[in-house]
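Just below is one structure, and these are the notes that go with it.
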Amino acid sequence: MMQDFKIALRSLLRTPGFAAAGVLTLAVAIGMATSVFTIVNALLLRPLPYAHADRLALLWTAERFGDSHGPSSFDDFADWTRNSRTLDAAALYSAFYKPILTGAGRPERLAALLVSHDYFNVMSVHPYLGRFFLPAEDRDGPDNVVVLSYPLWRERFHSDPQIVGQTILLNASAQTVVGVAPPDMPLLPPSLASEPAQIYRALGENYGPGSRDGHHLESIVRLRAGISIEQAQADLNVRSRDMERAHPAEDAHIAARIVTLRDDMTRNVRTGLIALQAAVLALMLIACANIANLLLAKSSARRREIAIRWALGAGTVRLARMLLAESLVLGLAGGAAGILLAWWGATALGSVAAHVLPDAGDVSLDLRVLAFSIALSLVAAILFGSAPILRLGRAAGDDGLRLGTRIAGDRRNRLRQLLAAGQIALALMLLLAAGLLGRSFLRLRSVNPGFESGGVITAVVDLPSARYAKPADVTRFFDRTLDGLRAIPGVKAAAMASVVPLNGDFDRTGYVIEGQTQLPGERISPDRYIVSPGYFQTLQIPLRQGRYFTARDDGPHPVVCVISETAARLWFPGESPVGKKIRAGQASGTFDDSPFREVVGVVADVAQYGLGLPATPQIYMPHAQFPSRYMTLLARTSGDAGPLAPAIRRTVLAADAEQPVFNVTPFDELVSNSIATRRLGLWLLAVFAFGALALASIGIYGVVSYSVTQRASEFGVRMALGATSADILRQAVGSTVPMIAAGLLVGLAGSFAVSRLMVGFLFGIGATDALTFASLPLFLAAVALLASYIPARRAAAVDPMTALKYE
C-alpha cells in the first residue's frame, strides 16, 4: 500500500493541473460542509454544559387549541410535580425580572432570575457562600432574599467574604444576600433567558383565589435516572386529567407537555439545519461527480499504461488498489485544504449566525468536527474513485495495446456526460431554492411595516416602584426626560411607548365594547401600547381617522384611546369607530376598575411581531392617563441615529442620577433583526447555490475539453475536407446540448418537488413562482453553454495539419 501511495503521489505531481483542480474542488465542497457541520455539532451533538444534561427537560403548559409552549401557574406546576414518580427535581423560574442595583457604586441594571427553592437542586450545584432559598420563600413573605452570581460578587462586591447577611438595594428596595452561587454555575441557554443571570431572587409571589390562572412562570425539571421522556409525559397526562376534573373552570383547556432541553433549544432551527444538510449533500455530490469526471478522463488517457501493467501480471485487484490509492491521496489533500477553509468559514458563519442561533455557543472546529471532515474526505475519495475502477476491465484489455485503436466518442463519454448532467440538475435545484428565497426576501423587505424606522433610536427605562410609587412621580420623570431629549441638537421629535414594534416584546389586554355583548371565546385580545403624545408623529404612523393624542389627554380630562385599522374593521364593521367607547383591561386582565375610553382616532396597522405576519388589533392609551414605569424612549433625527446614544444616557441621568438606561438601539437594527433568520438562510443557500454553479461549470468545461481533445483528429479530417471553424464550433457545442437539456429537465422536476417543502419559508410568492422557474434555468443554460463554448472555440482554432500529423 505504501508503494501504491508513492505511485499515486508521483502521478498527481506529474499532472499538477489535474491535481490542483481536484484538490480545489474538494476543498470548496468539504470546507462548506465542515463549516455547516460546526453549527450542527454545536447545537445537536456537543454535550450541554449541565450535570445530568440528558435528564434535563422543560415543562410547558400546552393549550388544547393553541400554544404548546406556554408558561405555567404556580398551582398547576405544583399539581403536575407533587410526589412525581418520574421527576427527580422540578423548579420554576422567570427571566423577566431586571432590577436596578444602587447604593454600591454606579447604578446598574442586572439580568436576574426569579427562581423557586429547588432551582439549584435541578441544576445540581451547591452554594459557594451561604445558602440557597428555602421552600417557604417561594411564596410572598416578609423576607426579600437574593443569591449573587459569582461574577457579580467578585466584580461589584470585590469578593467580600462577609457579604452573606448584608443588604443591597434592588429597585430601591432592601434585599438580603443569603448566598453566592458557585463559579461554575450553569446558565440557562439564550433561548430561555436573554442574558446570563447576575443575581437570583426567591420567587416570593402572592398566591390567592384565581392564581391558578396566572400563567407566567417557566418550568425546568430533571428526570429520574432510567425514566424516558415518554414515561414522564404519560404520567403528566394522567395528572392533567385529574386536574381537569378537580378544576374544570381553570384547567379544562390545558395540559402539560414535557420536552428535553436539547430538543427545545433546537425546535426553531431543526428544519433549517435539515435544509442546510441537504444543500451540503447536493454540493458534495456535485464535487464527487466533478472529480469522477476528471479521473475518468485521466484513466482514459492512461489506457496504454494500465494495459501494459495488466500484460506484465498486475491483476484487477492490484490495479484497483493503485487507482484507489490515487483517489485517497487526492481526497485527503482536498480534505486538508477544506479543513483550512472551514476554520475560516466556521468563524465567519459563527459571527453571522450569532444573533439568529445564540444557543450554538462556541462554533469551532473540535475533534468531532475534524473527524467528520476526515471521514467525509475518505467517503468522497471512495465515491469518486469508484468510477475509473468500474471501467478498469475495459481499460486493461487488449484494446489498450493497439496503437491505432479508436473507441467511439459517444460510448467513451457517456458516463462523463451523465455525471455532468447530474451536476447541472443538482445545481439547478440549489439555484431555484435560493432564487425562491431571494424573491421571497425581497418581497418581505418591501413590506410596509406601518412606520418609518430610519433615523430613530430607542432606549429602555424601567423605573423602580419603590421610588416611583405614585403615578404623578412617573409622569413628571418622563416629562422631564422627553423635554431633555427634544433639546438635544439634531433631534427632530421624541416620544415613548411601553412596547415598540419588532423588538420581541408584546403586551396584550382584554377589552369590552360599550353596547356590544361578546362571549369570551369570541374576543381577539388586542396588543396594547401606552404612548406619549408625539409617538405617532415620531414613528410617522399614518392617521386614518380622527386625531392623534395631544398634551390635553392627561389625567384631568376624559380618558381616550386610539385604535388600529384592523381593530376598527373587526370591532366596528361598516361604521366609523371615532366616538365609540372601549373598556380595556388592566395588566391583570380584569375590567372592574377600567373606565370606558372614547376612541378619538384610527391609525395604520404596524407590524408588531414580524414583517409579513397578519395584522393584529391594536389599542393605544395616553401615558398620562395610564402611567407605566417601563417605557421605551424614541428620538428621531435627520441622519444617523447611532451617535445620539451618549446624549440619551446623559439626559436620563440628568432626570434621575440613579436611573440607568439600557438597550440603546437604532430602530433600523430592530427591523433588520426581525428578518435575520430569513436573511441567514438566504445567504447560506445562495453560497451553496453559486458554489454548485461554479463546480457544475467546471465539470461541463472538463467534459467538453476532454471530448474535443479526443476528437482532435476527427476535427482535423473534417477541416481538411472543407469544414469551417464555425462548423467545428457548432458541432462541438451542439454535442453538449442533449447533456445540458437532460440536466435541466431533471433539475426542474426535482425542484418542483423540493419547492413544495419550502412553502413555509416563502412570502408573497408561490412555490412554483413563474419568474424564478423561467429565468434561472435560462441563466444556468447560458452558463453551461459558455463553459462548453470556451474549449470548443479552442478546438475550432486548431490547424488541420497539426491535428493530423500523428495519424
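The values are calculated or read from the model by the stated rules, or taken from the named source; none is laboratory data. Given the structure is predicted, the values throughout are model-derived calculations rather than measurements. Here the Cβ positions follow ideal geometry from the backbone for every residue, glycine too, while neighbour counts run over all protein chains shown. In case anyone asks, the SASA skips ligands and DNA or RNA and just uses the protein heavy atoms, side chains included. Shrake-Rupley method; radii C 1.70, N 1.55, O 1.52, S 1.80 Å.
Placing pseudo-labels 7 Å out from each Cα toward the beta carbon at Ser576 and His557 gives an inter-label distance of 1.9 nm. Can you tell me the orientation of helix 409-445 relative to the chain, as the angle in degrees between its alpha-carbon axis and the longest Cα principal axis, to the nearest 10? The angle comes out at about 20 degrees. Distant-in-sequence amide contacts of Val664, defined by a placed amide H-H separation under 5 Å and a gap of 5 or more residues or a different chain, comprise Val460. Across the chain, Cα pairs under 8 Å and at least six residues apart give a relative contact order of 16 percent. Measuring r between the beta carbons of Trp343 and Arg368 and using R0 = 22 Å, the FRET efficiency lands at 0.90. Against the chain, whose longest principal axis comes from its Cα atoms, helix 471-486 is set at around 50 degrees. Net charge of the neighbourhood of Arg583, taken over other residues with C-beta under 9 Å away and scored Lys/Arg +1, Asp/Glu -1, is +1. Since only His126, Phe96, His52 are under comparison, the one whose Cα sits farthest along the positive direction of the charge dipole of the stretch 52-137, derived from C-beta charges on Lys, Arg, Asp and Glu, is His126.
Computed from the C-beta positions of Arg270 and Val717 and an R0 of 45 Å, the FRET efficiency is 0.15 to the nearest 0.05.
Ranked by solvent-accessible area (1.4 Å probe, protein heavy atoms only, all chains present), the residues Lys581, Lys6, Lys98 order from largest to smallest as Lys6, Lys581, Lys98. Oblate is the label for the stretch 436-562. Its Cα gyration tensor axes, ordered a ≥ b ≥ c, give a/c of at least 1.5 and b/c at or above a/b. For the stretch 576-709, averaging the sequence separation of C-alpha pairs within contact (under 8 Å, six or more residues apart) and dividing by the residue count gives a relative contact order of 14 percent.
Computed from backbone phi, the HN-Hα couplings of the stretch 548-556 come to 7, 6, 10, 5, 7, 7, 10, x, x Hz, rounded to whole numbers (Karplus: 6.51 cos²θ - 1.76 cosθ + 1.60, θ = phi - 60°; Gly and Pro given as x). Protein-only accessible surface at a 1.4 angstrom probe places the residues Met1, Met631 in the order Met1, Met631, largest first. Full extension of the chain between Leu442 and Gln537 yields a length gain of 31.5 nm, computed as 0.36 nm times the residue separation minus the alpha carbon distance. Count Lys and Arg as plus one, Asp and Glu as minus one, and take only other residues whose Cβ is under 10 Å from that of Ser498; the net charge is then 0. The 3J(HN,Hα) values that the Karplus relation (6.51, -1.76, 1.60; θ = phi - 60°) gives for the stretch 657-666 are, in residue order, 5, 10, 10, x, 10, 9, 6, 6, 9, x Hz. Gly and Pro appear as x.
Projecting label points 7 angstrom from Cα along Cα→Cβ for Leu786 and Glu155 puts them 5.2 nm apart.
Full extension from Ala136 to Asn121: what is 0.36 nm times the residue separation minus their Cα-Cα distance, to one decimal in nm?
Length gained, Ala136 through Asn121: 3.8 nm.
Share of carbon and sulfur in the accessible area of the chain stands at 60%, probe radius 1.4 Å. Largest accessible area first, the residues Leu324, Leu110 order themselves as Leu324, Leu110 under a 1.4 Å probe with ligands, DNA and RNA left out. Taking amide H as placed 1.01 Å from N in the peptide plane, Gly534 has its amide H under 5 Å from the amide H of Phe549, each at least 5 places away in sequence or on another chain. Taking Cβ atoms as reference points and 12 Å as the exclusive limit, the residues near Arg239 contribute a net charge of -2, counting Lys and Arg as +1 and Asp and Glu as -1.
Considering only lysines 8 or more places apart in sequence, or on different chains, count the pairs in the chain whose C-alpha atoms sit under 29 Å apart.
4
Measuring nothing but alpha carbons in the chain and taking Rh as the Kirkwood radius, the Rg to Rh ratio lands at 1.08.
Only beta bridges with both residues in the chain are counted; by DSSP, about 75 percent of them are antiparallel. Taking every DSSP bridge with both residues inside the stretch 144-191, close to 50 percent are antiparallel. Taking amide H as placed 1.01 Å from N in the peptide plane, Arg131 has its amide H under 5 Å from the amide H of Gly179, Val180, each at least 5 places away in sequence or on another chain. Sorting the segments 273-285, 423-435 by their mean number of nearby beta carbons within 10 angstrom, highest to lowest, gives 423-435, 273-285.
Using the Karplus relation 6.51 cos²θ - 1.76 cosθ + 1.60 with θ = phi - 60°, the per-residue 3J(HN,Hα) values for the stretch 376-381 come to 5, 5, 5, 4, 4, 4 Hz, with x marking Gly and Pro. With loop membership from DSSP and a limit of 10 other Cβ atoms within 10 Å, the longest segment of the chain without chymotrypsin sites (Phe, Trp or Tyr not before Pro) is 66-805.
Keeping all protein chains in place, calculate the accessible area per residue for the chain (probe 1.4 angstrom), answer in Å².
In whole numbers, the chain has 45 Å² accessible per residue.
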